[in-house]
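Asks: Dropping a structure here in structure tokens format, bear with me for questions.
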Amino acid sequence: MSIDRSDIEKLGELARIAITEENIEATTRSINEVLALVDQLQNANTAGVKPLANPLDATQRLRHDEVSETNHRDDYQPLAPAAENGLYLVPKVID
């Protein structure tokens with residue numbers, strides 16, 4: 001795929017970017033180089049290659065799931081504007 005001067009002018013207009021006459025040729029050349037690289041990458045054989053979530057094949061170390069604070073619900077419920085059966089009551093916001 002190749003981009004020419006008119007494409008750059010149209011992209012500049014759509015993106016509301018002022019591309020000067022001096023920069024149009026350099027911008028066209030740069031974008032064409034990027035597109036050539038993308039074409040080269042698309043031709044690479046990736047059959048049988050599994051996608052990676054992490055290039056280092058590392059796993060996340062997780063902390064132990066243990067309670068680290070005491071439950072203060074009974075202390076805070078009397079301070080709430082509205083509470084019932086251990087739950088905080090709030091105004092309905094979605095119909």
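No value in this document is a laboratory result; all are computed from the given coordinates. In this text the structure is predicted, and so the values were computed from the model without any measurement. Cβ sites come from the backbone with ideal geometry, for glycine too, and all protein chains shown count toward neighbours.
Asks: Between the alpha-carbon centers of segment 81-95 and segment 17-31, tell me the distance in whole angstrom.
Replies: So the two Cα centres are separated by 58 Å.
Asks: Let me ask something else. By how many degrees, 0 to 90 and rounded to 10, does the Cα axis of helix 5-14 deviate from the longest principal axis of the chain?
Replies: Long axis of 5-14 versus the principal axis of the chain: about 30 degrees.
Asks: Same structure again: Enumerate the amide H contacts of Ala83 below 5 Å, restricted to partners 5 or more residues apart or on another chain; note that Pro and chain-start residues carry no placed amide H.
Replies: Leu89
Asks: OK, next. Dipole size in debye (nearest 20) for segment 1-60 around its Cα centre, Lys and Arg Cβ +1, Asp and Glu Cβ -1?
Replies: For segment 1-60, the charge dipole is close to 320 debye.
Asks: Can you list the HN-Hα couplings for segment 73-79, worked out from phi with the Karplus curve (6.51, -1.76, 1.60; θ = phi - 60°), rounded to whole Hz and with x for Gly and Pro?
Replies: My calculation for segment 73-79 gives 4, 5, 6, 8, 4, x, 7 Hz in order.
Asks: Here is a further query. So what is the calculated 222 nm ellipticity per residue for the chain, using -39500 (n - 2.57) for each DSSP H run with n of 4 or more, over all residues, to the nearest 500 deg cm²/dmol?
Replies: Rounded to the nearest 500, the figure is -12000 deg cm²/dmol.
Asks: Okay, moving on. Specify which residue in the list Tyr76, Ala53, Val34 is farthest towards the positive end of the charge dipole of the chain, using unit charges on the beta carbon of Lys, Arg (+1) and Asp, Glu (-1), about the Cα centre.
Replies: The residue sitting most towards the positive pole is Ala53.
Asks: Quick check on the chain: take the gyration tensor over C-alpha atoms, sort the square-rooted eigenvalues as a ≥ b ≥ c, and tell me if it's rounded (a/c under 1.5), prolate or oblate.
Replies: Verdict is oblate for the chain.
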